Each structure stands twice: as structure tokens, then as C-alpha cells.
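Since the structure comes first, as C-alpha cells, the remarks are kept for the end.
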Amino acid sequence: QVQLVESGGGSVQAGGSLRLSCAASGSTFSINAMGWYRQAPGKQRELVARISTGGSTMYADSVKGRFTISRDNAKNTVYLQMNSLKPEDTAVYYCKAMTPIIYWGQGTQVTVSS
């Protein structure tokens with residue numbers, strides 16, 4: 001099993017920055033890729049960014065140029081640096097680990113005020 005613990009959420013004004021962290025523990029050797037998703041009230045959960053074990057990244061169009069996903073394999077931690085935040089980025093952000101089984105973190109709230 002894999003356990004995921006997110007941190008770094010909070011409240012910020014538009015234009016500000018936050019960095020989310022997701023620390024993985026347990027059977028981390030089985031993780032193929034990790035990603036960040038978000039879910040706003042009344043909306044479906046959506047992909048924000050993902051990163052493979054080799055470091056290949058992909059981003060949702062809405063965050064390209066503003067968000068950066070990275071990982072520290074030695075610490076089994078994935079980060080999401082979020083810059084130029086907008087009110088529409090407000091959501092609960094979830095970390096996801098992809099192995100033969102999908103694991104989710106508990107989520108961390110990000111609130112961006114205008």
C-alpha cells in the first residue's frame with residue numbers, strides 16, 4: 001500500500017503563489033507516476049499536472065505557464081509550485097499515485113481571493 005500526505009494549501013490573493021507537497025510512504029517502489037488533481041465545488045475532479053518516474057510532465061491547459069510539478073525521488077515527495085494564482089484555481093487539491101492500484105491523498109484546500 002501507499003500512503004499520501006498533502007500539505008501547503010491555504011488562502012492567497014490573486015497573483016500570489018503557493019507550493020503544495022505530497023509525501024508518499026509505504027510501497028513507494030511501485031509508484032509509476034504521480035499527479036495533482038483538483039475539485040472545485042459542484043465540479044468534477046480534474047487533472048492539474050502529472051509527472052512520471054522519469055520526470056516527464058504534462059499539464060492542464062488552464063495552468064500551463066503558471067504551475068510547475070516536480071518530484072524528489074529520494075524523499076518520495078512531489079511538489080506543485082503554483083504561481084500567478086487566479087480565483088478560478090480555488091479548489092481542493094488532491095495528490096494521486098499511480099501503481100497497479102490508484103491511491104489518493106486526503107486533499108488540501110486552496111482558496112484564491114480576488
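Within region 78-101, restricting attention to residues that are at pLDDT 95 or above and among the β-branched types (Val, Ile, Thr), which residue is nearest to the chain's Cα centre (by Cα)? Only one residue tops the list, namely Val78. The residues of region 8-33 that are at pLDDT 95 or above and out of contact with any Ser or Thr (no Cβ under 8 Å at 6 or more places or on another chain), listed by number, are Gly16, Leu18, Arg19.
Residue by residue through region 54-75, note down the ones that are touching a helix residue (DSSP H, G or I) at 6+ places or on another chain (Cβ under 8 Å) and either assigned to a strand (DSSP E or B) or open to solvent by 60 Å² or more (accessible area, probe 1.4 Å) (or both).
Answer for region 54-75, where residues must be touching a helix residue (DSSP H, G or I) at 6+ places or on another chain (Cβ under 8 Å) and either assigned to a strand (DSSP E or B) or open to solvent by 60 Å² or more (accessible area, probe 1.4 Å) (or both): just Ser62.
Condition check ((1) part of a helix (DSSP H, G or I); (2) among the hydroxyl-bearing types (Ser, Thr, Tyr); (3) touching an Asp or Glu at 6+ places or on another chain (Cβ under 6 Å); (4) under 16 Å from Tyr94 (Cβ atoms)) across all residues:
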| site | (1), (2), (3), (4) |
| --- | --- |
| Gln3 | no, no, no, yes |
| Ser11 | no, yes, no, no |
| Cys22 | no, no, yes, yes |
| Phe29 | yes, no, no, no |
| Trp36 | no, no, no, yes |
| Pro41 | no, no, no, yes |
| Gln44 | no, no, no, yes |
| Val48 | no, no, no, yes |
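Close Cβ contacts (under 6 Å, 6 or more residues apart or on different chains) running from residues in region 95-107 that are closer than 14 Å to Leu47 by Cα and touching a residue at least 60 places away in the same chain (Cβ under 8 Å) to residues that are surrounded by 11 or more Cβ atoms within 10 Å (Cβ to Cβ) and of a type in the set (Val, Ile, Thr) comprise Ala97/Val2; Ala97/Ile31; Gly107/Val92.
Of the candidates Tyr103, Tyr79, the single residue that is under 13 Å from Gly8 (Cβ atoms), part of a strand (DSSP E or B), of a type in the set (Ser, Thr, Tyr) and open to solvent by 30 Å² or more (accessible area, probe 1.4 Å) is Tyr79.
Can you tell me which residue among Arg38, Arg45, Arg19 is open to solvent by 80 Å² or more (accessible area, probe 1.4 Å) and touching a residue at least 60 places away in the same chain (Cβ under 8 Å)?
Values: Arg38 fails: open to solvent by 80 Å² or more (accessible area, probe 1.4 Å); Arg45 fails: touching a residue at least 60 places away in the same chain (Cβ under 8 Å).
Every option except Arg19 fails the conditions.
The values are calculated or read from the model by the stated rules, or taken from the named source; none is laboratory data. On a predicted model such as this, the values are computed, not experimentally measured, just so you know. Positions of Cβ are backbone-derived with ideal geometry, glycine not excepted, and every protein chain shown enters the neighbour counts. Areas reflect the complete protein model, heavy atoms only, side chains present, ligands, DNA and RNA absent. Shrake-Rupley method; radii C 1.70, N 1.55, O 1.52, S 1.80 Å.
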